[in-house]
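Trainee: The structure follows.
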Amino acid sequence: MSQFNFDIVYIKGENNKVADCLSGYYENDTWDETHDIHKYVHADVRVDPGGEDLPPDRYQETQEKTVEIHTMSEANLHRSHRIRERKELWDIEVQELAIPDD
């Protein structure tokens, strides 16, 4: 670290937007758990939602990623519905094939 010239400055947690954005990341508890689209957006977009301080190419990248994430979320939702429908059909078939206890 002696190679770098830097100053360590304390910033109170509630004022440190970058740390709050980065520490706000969480893992899913289940494979089908999804969250609102804005939860997946990059930290710099949360800090600067209007993109005023982002370079134009970075702002464009965030817009493209937002569309990509939205598309992935919709695809996951459709996949989840298909899996649920298959499971429901499988459950019905199991009930129809079950041997009565009588």
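The values are calculated or read from the model by the stated rules, or taken from the named source; none is laboratory data. None of these values were measured; they are calculated from a predicted model. Using ideal geometry, Cβ is built from the backbone for each residue, glycine included, and neighbour counts are taken over all protein chains shown.
Trainee: Might you check whether a residue that is modelled with pLDDT of 80 or more and either in contact with a Lys or Arg (Cβ under 6 Å, 6 or more places away or on another chain) or not in a helix (DSSP H, G or I) (or both) occurs anywhere in segment 23-42?
Mentor: No: zero hits.
Trainee: Quick check: is even one residue across segment 61-79 assigned to a loop (DSSP other than H, G, I, E, B) and at pLDDT 70 or above?
Mentor: No, segment 61-79 has no match at all.
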